[in-house]
Amino acid sequence: METKEEVFDYIKKNDITFINLWFPDILGQLVRFSCHKDVIEDILEEGLGFDGSSTEGFVRIEESDLLAKPIPSTFIELPYRPQEDNKVAAMFCEIYNPDPTGAGETRFEGDSLFVLERQLERMRSMGFDTFNVGAELEFFLFKDNKPGEIRDKLTDQGGYCTVTDDEGVYVRRDIILDIKKMGIEAEISHHEVAPSQSEIDFKYKDALSFAMSAMAYRRAAKEIAKKKHNQFVSFMPKPLYGENGSGMHVHQSLFTEGRNAFYNPEDEFHLSETAKHYIAGILKHAPEFAAVTNQWVNSYQRLVPGYEAPTELSWARKNRSTAVRIPMYKPGKEKATRIEVRFPDPACNLPLAFAVMLGAGLEGIEKQYELSEPVEENIYSMNQSRRDELGIKSLPSSLEEATDLMEKSDLVRKVLGEHIHSGLVANQREEWNEYFREVRGKDREDHLVTKYELEKLLPIL
């Protein structure tokens, strides 16, 4: 559906009673308004006014009024909600400033989708037309999210791709079947390395569409697990101390008129100079944007050596300890040539994460950053002198360090815009200070997952 008229016609013909209007707050958490079908025609025409001061990171109370305008092309029926009486659908919204003067509405600077759209416009000005993204989003399945010993909530003791008759098999199956009805294409699912951990991988699409699909998937996964299995899905990066955390490996490539700008048949890695400059941009600026792709205190419990999460900034083809990996080329599949950025986690603000990665990559292309040699050695086992010899830099080791680097970054400020940049810095400083007051530094060095993290973050992530 591309028009308001098509959406309204579908609602009438298919007995849709309620329509959820979705958009992410500054932390990437979905905000939802539920509208009855009787008012949706007016909302599609005029938008829905709401109090932005009550939405995390939006505006101050003295400038509170904002307007949510549904995007017709994002209309989806929600198969995990009632399918007979009172069917439910959803649409994502763009956020606008109100227009009291009649001069015309303007996009709100705090709209995360708008941040990604601005980077896509920069991409087009550089001669590319599509930023394709696909991702692997890992999650944990627990019996509940209530206070208590976290290991008592595990649903299985499986490992990587184990063939077991655990609850996760049926939860993954139902998630995939339902999101397919929503137009979200999952390619592969399996048990991950840690107990009660799963992964679902998604077919690539353009970054803006993928960001909205992935946000819809995170919501759907939680509702399907709860409604159909009485289980709790969490995208928290590291709920279990001593086990692998949940990552979000982000596959990405640039296209121009159907041609993959990352592909070069003559290169050893089948990578073009454009791709190499893009990777160099990611590696150079990753410490500055890590506070966006890994935005929680708990994100840095995952980014420690020994648990398959990269902590050092290098690239390779086969080495999975690197921050950027080049998936193996398959003859005749040049459209599949891509890079895989391995350090983000699935609890981040997805449109902002895609925007900062794209922004860093474009910076590398624009300024023709030189790419270092690939590193196929196990970085986890290297001593510091060997890392220095290879010029390998590190990701931040805490949210405090990542926030400091983000605050000083001209690139991240430019990509996010002043409103979101300053809002994220303030929000993350507050989270770090609250965390530090609770644990008083006693658990940080050992990267223990604290009671504070489980009680505050597990229920919302």
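Computed values, structure above
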read-out	value
Residues being assigned to a loop (DSSP other than H, G, I, E, B), of a type in the set (D, E) and on the phi < 0 side of the Ramachandran plot - total across segment 301-353	1
Residue that is farthest from R218 (Cα to Cα) [pool: residues in segment 20-39 that are among the aliphatic types (A, V, I, L, M) and touching a Pro at 6+ places or on another chain (Cβ under 8 Å)]	L21
Condition broken by E401, with the remaining ones in (1) surrounded by 17 or more Cβ atoms within 10 Å (Cβ to Cβ); (2) in contact (Cβ under 8 Å) with a residue 12 or more places away in the chain satisfied	(2)
S209 being among the hydroxyl-bearing types (S, T, Y) and either assigned to a helix (DSSP H, G or I) or free of Cβ contacts under 8 Å to residues at least 60 places away in the same chain (or both)	yes
All positions within segment 264-278 that are modelled with pLDDT of 95 or more and not hydrophobic (A, V, I, L, M, F, W, C)	S272, E273, T274, K276, H277, Y278
Every residue from segment 266-307 that is more than 18 Å from the chain's Cα centre (by Cα), under 24 Å from L362 (Cβ atoms) and among the β-branched types (V, I, T)	T274, I279
Cβ-Cβ under 9 Å pairs, at least 6 apart or on other chains, segment 178-193 side closer than 24 Å to L240 by Cβ, far side hydrophobic (A, V, I, L, M, F, W, C) and surrounded by fewer than 14 Cβ atoms within 10 Å (Cβ to Cβ)	H190/C161; H191/C161; H191/V163; E192/C161
Qualifying position, being closer than 30 Å to H270 by Cβ, outside the structural domain of I26 (by TED's automatic domain parsing) and touching a residue at least 12 places away in the same chain (Cβ under 8 Å), among L416, L390, L424	L390
Every residue from segment 254-297 that is more than 18 Å from E407 (Cβ to Cβ) and among the small types (G, A, S)	G258, A261, S272, A275, A280, G281
Enumeration of residues in segment 321-331 that are under 21 Å from S385 (Cα atoms) and out of contact with any Ser or Thr (no Cβ under 7 Å at 6 or more places or on another chain)	S321
Condition check for E430: in the same structural domain as P344 (by TED's automatic domain parsing), of a type in the set (D, E, K, R), surrounded by 15 or more Cβ atoms within 10 Å (Cβ to Cβ) and closer than 19 Å to A290 by Cβ	no
Selection count, segment 1-44, where residues are surrounded by fewer than 16 Cβ atoms within 10 Å (Cβ to Cβ), of a type in the set (F, W, Y) and more than 24 Å from D111 (Cα to Cα)	1
Every residue from segment 32-55 that is in a helix (DSSP H, G or I), out of contact with any helix residue (DSSP H, G or I) (no Cβ under 6 Å at 6 or more places or on another chain) and closer than 12 Å to I16 by Cα	D38, I40
Residues that are without any contact (Cβ under 8 Å) to a residue 60 or more places away in the chain and among the polar types (S, T, N, Q), drawn from segment 427-438	N433
Lone unmet requirement of (1) in contact (Cβ under 8 Å) with a residue 60 or more places away in the chain; (2) touching a Ser or Thr at 6+ places or on another chain (Cβ under 9 Å) for I175	(1)
Hits in segment 354-372 - residues which are part of a helix (DSSP H, G or I) and either buried (at least 18 other Cβ atoms within 10 Å of the Cβ) or without any contact (Cβ under 8 Å) to a residue 24 or more places away in the chain (or both)	F354, A355, V356, M357, L358, G359, A360, G361, L362, E363, G364, I365
Failed criterion for E366 (all others in (1) touching a strand residue (DSSP E or B) at 6+ places or on another chain (Cβ under 8 Å); (2) under 30 Å from D111 (Cα atoms) hold)	(1)
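Here is a yes/no grid of residues against (1) surrounded by fewer than 24 Cβ atoms within 10 Å (Cβ to Cβ); (2) free of Cβ contacts under 8 Å to residues at least 12 places away in the same chain; (3) more than 30 Å from I26 (Cβ to Cβ):
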{"residue": "T311", "(1), (2), (3)": "yes, no, no"}
{"residue": "A316", "(1), (2), (3)": "yes, no, yes"}
{"residue": "I326", "(1), (2), (3)": "yes, no, yes"}
{"residue": "T337", "(1), (2), (3)": "yes, no, yes"}
{"residue": "P344", "(1), (2), (3)": "no, no, no"}
{"residue": "L352", "(1), (2), (3)": "no, no, no"}
{"residue": "P374", "(1), (2), (3)": "yes, no, yes"}
{"residue": "S381", "(1), (2), (3)": "yes, yes, yes"}
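The values are calculated or read from the model by the stated rules, or taken from the named source; none is laboratory data. As the structure is a prediction and not an experimental result, all values here were calculated from the model. So basically every Cβ, Gly included, is an ideal-geometry build from the backbone, and we count neighbours across all protein chains shown.
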